[in-house]
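Read through the structure below, which is laid out as structure tokens, and then see the notes.
The values are calculated or read from the model by the stated rules, or taken from the named source; none is laboratory data. Keep in mind that this is a model prediction, so the values were computed, not measured. All Cβ positions, glycine included, derive from the backbone under ideal geometry; neighbour counts span all protein chains shown. Each accessible area value is taken on the protein alone, full model and side chains, heavy atoms only, with ligands, DNA and RNA left out. Shrake-Rupley method; radii C 1.70, N 1.55, O 1.52, S 1.80 Å.
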Amino acid sequence: MVNAVFLLLVLLYPNLSTEWPTHTVCKEDNLEIDYKSCDPLQDFAFSIDSCSEISSHTLNIRAAMLLRHSINELHLKLNLIINGRSVLAYSESLCEPDHPKFLFCGKKKGEHLYYEGPVSLGNFEVPQGDYVVAVKLVNEDRLTVLCADFTIKNNQDYPFP
Amino acid sequence: MLRRGVCSPSTLFTLSLVMPFLSQCSAGNFNPCLEVVPGLTYRCMDLNLSRVPAEIPPSTQNLDLSFNPLGSLGSNNFSAVPALKFLDLARCCLQTIENYAFEDLCNLSTLILTGNPLRYLGPSAFFGLSSLRRLIAVETNIFSLADLPIRHLHTLEELNVGNNHIESLTLPKYFTNLTSLRFLSLQSNRISYISKGQLDVLQERKGPYLTLVLSLNDIKYIQPGAFEGIQLHELSLRACFNNFTVMKDCLQGLAGLQVNRLILGEFRNIWRVENFQNGLLDGLCQVQMQEFVFICFKRFKNNTDTLFECLLDVSTIRFVDLYLSQVSAVPEFSQVQSLECKLCKFGEVPAVKLSLFKKLRVLRITKSKYLTNFVKGFKDLPSLEVLDLSENELSFTMRCSFLLAGTPNLRHLNLSFNNLITLKDPFSCPNGLLSLDFQHSILKNFGTIPLFRFFTNLTYLDISYTSVQILCECVFWGLESLQVLKMAGNSFKDNSLANNFRNLTQLRTLDVSNCKLLQVSSSTFANLRNLRDLNISNNRLKTLDSMTFLPLQALTVLDFSNNQLTFLTHTALKSLIDRLIYLDLSHNMFDCSCTHLSFFEWVKKQKQLLQNIERMVCSSPVNMKNVSVLNFDLSNCQLSITLVAVSASMALVAVLIMFLIYKYYFHLYYAVVLLSGCKHSSERGDTYDAFVIHSSKDVDWVKEELVKTIEEGVPPFRLCIHYRDFVPGVPIVSNIVQEGFLSSRKVIAVISSHFLESQWCKFEFEIAQSWQFVEGKAGIILIVLEEVDKAMQRRLLGLSRYLRRNTYLEWKDKEVSKHVFWRQLRTALLDGKTWNHEEVRLM
């Protein structure tokens, strides 16, 4: 319930300032994840079921937003930024016209998008230290559907596999 | 909670707080909306508007009013914008749409009502929308199709009522009126039972076959016969079934359906049916379909023996994103003509099993990251024309006799974007091949021998980025029919193009970009008379030689970008300009100096022809680096031409002046002396400039040449000559001393054989020598009038020694020598004059 109120508040945040507030996803001794929307149009809601999952390479996430653009196609772009420099870029198509992988593919402008499910990090090792992960989702017209900067402070020691 | 949307009371409260500020902002006459296309398209998204702004012109065709709190639509809201074709009212907090709300919009083609929590929709709400083709009413609180007042929308083609609360699939009677309807989406509704009779209206209805999307409904049961006799274009049933049993039973309920395309499966993040087991698709045996798409299905445990059982009569099968790792059984007599497996989990090309699809024409296995092996070959597939194994991780030896022996009619083979392909005995490959694509796979064994010699029908070959090095000119032998050759990103022997393409006379497109080329031999293109499109960009070519390109009579497109071209010669420009319609010279190393003025003039005239002209930048000289060629100022060069002309003429004038100064040096000197206010040596009256010692036998020369030139020239000198200036009645010796030596600054001795013979001359010369010794200054000027032999010289004491140690003047009867002689003599006489003159001034 608290979660839902939070989501609602985030979604309905009055559109007055271009600066969105920073939200905290995790705050533990060794791990802190914050995010901030960089889309001037809107903020969005995001949470991870359990922050300790981050070392297990599969996260259960929830994300909600109001779509400002239709998403017949949706492309994800990730940038790992350390000390202001992009050190790693990754992109993936989430929705393609002949291959709508996810149920939100094809959603219309004005619809709610609510995603609840696992996100696999594959073989990607979550790096230690302080860094920023810039996330961007664009649609078929290259319009920004979502834009967010995740600030991660990770001091966890992983057991050597 | 989420579903309540934007229009909850708390929101309205917030909005009411915010409104005064925003209304202040938007006060005034300016248009608050974004003008995308003036007069036609306006975007008024999220501006807190409560009605159509008055500033929107009546000609507007596209209006985006989304995310504005309109609240409700009364009648005639849009009378100010009657020309509208597209109206977006997404998330406008619409709760009521009154009758005749859109009455004036008879041209409206698309109406978007997404995300409005409709409570009341007047029975004539859509009255007047006589051209409406698309109605998007996603997430609009609709409970049943019957409530939707759309019976009169005859032109409607697409109706999207996804994400609503519709529980029944019953298509109302009015669907018979919607004769243009092609697409009906009921995705994400609450349809759980589909029973007989619900779709019957489709049987009576005339018009195109419908695409029906029922994905993301939690369907529990489909009554057998519900789809009996129904014809659809497409039926989509993704993530509709909660488990294996439900899915199996529901598919049984599709019996009797005729559909062009049936889409089953789930989504990446929704896995409901726990496992694929035998019998899951049994129901499809009762369905007539052309194409079957199975998408995003995760759980296969190799119980796939029945996978194709009911797909015998399907002509096209697409498996997308399936965790299918092998093909276990394929029934005989299948009619499948086209099979695609994209993102599947095969480890090896299942050629043996797939060979059982005897009628297969097209086979595509793509984007499968576990697919690494291709060992067993296809057998007896006489109809196979297209084999696409691109974007896998294949590494294999391509022995056609092994792998493709059973595909004699193969036309198109795509092995691009794989790992490593080793070519072996390609002569056994199907010789009817029309296209071959190896791009971005590493090709081994290619480049030294004419491997494709037997591919006489091949028209398309792509070996781009295959790490090939072309070592032999013979590599493309046999490819007489080739029309397209793409081989970017490879390399050639010595980084130069030789006669590699000699036999490719039919070639129309050639891509040799990024091949590290340093030069192109002039005979390379000699036989390519049909070539239209040449890409030679991203090499290191320094020249574009008109002779090399001359044979390319059909060339229309030339990409020469990213080379090291500094300029184009006049002949090259002329030969190119007549034929080309596309020329890219960007990113070369242009030399922006005035030497290539004609080239830059040409560039400025060819803005149509030249592509990426703004990226044609100078690379030298240093001060012009990275300046666009277009910004190269031609007038600078013209200015410098005048500069050159001016400086040349100035140099000429200077030379002329110097010549004149040289010629009239003494005149000038004299003039300066006169102008400086001091009187000439004539002031002294009794003083001579020089005493001339000469034999009386040389008197003619003295009179005619010496006196005339020196005394009458400029500046005038006064000579003391014995026959004229000696005072009569005085002994000769006193005259010599008094008039000669004491009154003269210099002594001129005219040496000749007569001089040596004359006793007086000897006497005078000896006095002159001793006088010079006494006075301590250089005073004797020797003029040798004619050659005198040494013996004679010795007769005169000290003469020969004097001649050896001092410079003397020699008289010659030539014009040039005379000129030099007189100049030297004048200079010698002038020497004392300055000193003299200073002395005068001191006095």
Mind listing which trypsin sites (Lys or Arg not before Pro) in region B:219-257 are in a DSSP loop and have 14 or fewer other Cβ atoms within 10 Å?
-> none
Pull up the DSSP beta bridges for the protein assembly as shown and report the antiparallel fraction as a percent, rounded to 5.
-> 35 percent
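Averaged per residue, what accessible surface does region A:2-154 expose to a 1.4 Å probe, in Å²?
Heavy-atom SASA per residue in region A:2-154 reads 49 Å².
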Measure out, as a whole number of angstrom, how far apart the alpha-carbon centroids of region A:59-75 and region B:512-538 sit.
-> 48 Å
For region B:302-343, state which residues have at least 20 Å² less accessible area in the presence of all protein chains than in their chain by itself, taking the probe as 1.4 Å and leaving out ligands, DNA and RNA.
-> B:R318, B:K342
Tell me which lysines have Cα within less than 19 Å of B:K605's Cα, excluding those fewer than 8 residues away on the same chain?
-> B:K574
For B:D305 and A:N155, extending 7 Å from Cα along the Cα-Cβ vector and measuring point to point gives, in nm, a value of 6.1 nm
Quick one: if you stick a label point 7 Å off each Cα along the C-beta vector at B:I732 and A:L41, how many nm between them?
-> 12.9 nm
So the angle from the long Cα axis of helix A:2-11 to the longest Cα principal axis of chain A, reported in degrees to the nearest 10, equals 60 degrees
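Given axes a ≥ b ≥ c from the Cα gyration tensor, I'd like to know whether region B:686-842 is rounded (a/c under 1.5), prolate (a/b larger than b/c) or oblate. Don't skip to the end; give the middle numbers.
Details: a/c = 1.34, a/b = 1.12, b/c = 1.20.
It comes out rounded by the Cα gyration axes.
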For each pair in A:K101/B:K248; B:K762/B:K812; A:K77/B:K493; A:K101/B:K206, compute the distance between the two Cα atoms and list the pairs where it is over 31 Å.
-> A:K77/B:K493; A:K101/B:K206
Stretch B:A648-B:N31 to full length: gain in nm at 0.36 nm per residue minus the Cα-Cα span?
-> 215.6 nm
Considering protein heavy atoms only and a 1.4 Å probe radius, which residues within region A:99-146 exhibit an accessible-area decrease of no less than 50 Å² in the full assembly relative to the chain by itself?
-> A:H99, A:K101, A:L103, A:K108, A:K109, A:G110, A:E111, A:H112
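In chain B, which helices (entire DSSP H runs) extend 18 Å or more along their own long axis, judged by Cα positions, while averaging at least 1.6 on the Kyte-Doolittle scale?
Membrane-span-like by this criterion, though nothing is claimed about a membrane: B:634-663.
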Label-point separation in nm, B:Y808 to B:E766, each point 7 Å along Cα→Cβ = 1.8 nm
Cα-based reach from B:K379 at 16 Å (exclusive), listing aspartates and glutamates while leaving out same-chain residues under 8 positions away | B:E332, B:E348
Gyration tensor (alpha-carbon) shape descriptor, region B:119-207, a/c threshold 1.5 | oblate
Show me B:619-630, B:384-395 ranked by packing, highest mean number of other Cβ atoms within 10 Å first.
-> B:384-395, B:619-630
With r defined as the distance between the Cβ atoms of B:R134 and B:K493 and R0 fixed at 56 Å, what FRET efficiency is calculated, to the nearest 0.05?
-> 0.40
What whole number of Å gives the distance from the Cα centroid of region A:110-161 to the Cα centroid of region B:123-181?
-> 40 Å
antiparallel share of DSSP beta bridges within region B:213-306, to nearest 5, in %, is 5 percent
Could you state the accessible area per residue of region B:354-445 in Å², with a 1.4 Å probe and every protein chain left in place?
-> 41 Å²
Given the pairs B:K298/B:K358; B:K703/B:K818; B:K220/B:K342; B:K220/B:K301; B:K301/B:K358; B:K367/B:K516, which span a C-alpha to C-alpha distance of over 21 angstrom in this model?
-> B:K298/B:K358; B:K220/B:K342; B:K220/B:K301; B:K301/B:K358; B:K367/B:K516
Partners for A:K27 among aspartates and glutamates (Cα-Cα distance below 19 Å; same-chain residues under 8 apart left out) = A:D49, A:E53, A:D130, A:D149, A:D157
Estimated buried accessible area (total), pair B and A, 1.4 Å, Å² to nearest 100 = 2800 Å²
So which residues of region B:108-147 lose at least 20 Å² of accessible area, probe 1.4 Å, when you go from the chain by itself to every protein chain present?
-> B:T114, B:V138, B:E139
Which one of A:K101, A:K36, A:K77 has the biggest mean-square fluctuation once chain A is modelled by GNM with Cα springs under 10 Å?
-> A:K101
Out of the DSSP beta bridges found with both residues in chain B, what percent are antiparallel (nearest 5)?
-> 5 percent
Out of region B:295-347, which trypsin sites (Lys or Arg not before Pro) are coil in DSSP terms and have no more than 12 other C-beta atoms within 10 Å?
-> B:K301
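Share of region B:77-181's accessible area from carbon and sulfur, percent, 1.4 Å?
50 percent
Please get the size of the charge dipole for chain B, origin at its Cα centre, with Cβ charges of +1 on Lys and Arg and -1 on Asp and Glu, quoted in debye to the nearest 20.
1260 debye
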Could you let me know the centre-to-centre spacing of region B:429-444 and region A:22-52, using Cα atoms, in angstrom?
-> 50 Å
